Amino acid sequence: MGAMIHEDRFGIFTFTLNVASCPANSTNDQNFTVMGLNVGDFISVAAIGLIANIGIIYSTCIVKDTLRIRWINPTASPINPGNTDMIAHWFRAERILPASAG
């Protein structure tokens, strides 16, 4: 069959988070332990259901096994969504080409 080179890895997982209260008209970072994540992984996170008036700006792995999600609350009142079912997709490239490659 031959050797495989440049083998990228990816996966999808679901989980439940107890989302912290997000102050009015602001953003809030929250960290969670997710075993197996590495710094440099691409991570896309979404709520499985509706979370009224709160959104996700970005998600990233800040240190090994730690997922950070930045929430935004554009309303005039604090929001505490509580336990929320989430889904995440992660992607780990074996090799990242320099920006000048083409």
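Here are some notes:
- For the chain, the spread of Cα positions along each principal axis, largest first, Å: 58, 30, 22
- The slack in the chain from THR84 to PHE15, taken as 0.36 nm per residue of separation less the alpha-carbon distance, amounts to 24.0 nm.
- Phi to ³J(HN,Hα) by Karplus 6.51 cos²θ - 1.76 cosθ + 1.60 over segment 93-100, Hz, x for Gly, Pro: 7, 5, 9, 10, 6, x, 4, 7
- Sites counted here are trypsin sites (Lys or Arg not before Pro) in a DSSP loop (not H, G, I, E or B) having no more than 16 other Cβ atoms within 10 Å; the longest part of the chain that contains none of them is 1-63.
- Estimated vicinal HN-Hα couplings, Hz - segment 9-19 in sequence order (Karplus 6.51, -1.76, 1.60; Gly, Pro = x): 10, 7, x, 10, 9, 10, 6, 10, 10, 9, 6
- For the chain, size of Cβ-based charge dipole, Lys and Arg +1, Asp and Glu -1, in debye: 120 debye
- Extension gain for SER77-LEU50 works out to 7.9 nm (0.36 nm per residue, less the C-alpha to C-alpha distance).
Read-outs throughout are calculated quantities, based only on the coordinates presented, and are distinct from any laboratory measurement. Quick caveat: nothing in here was measured; it's all calculated off a predicted structure. Cβ: placed from backbone, ideal geometry, glycine included. Neighbour counts: every protein chain shown.
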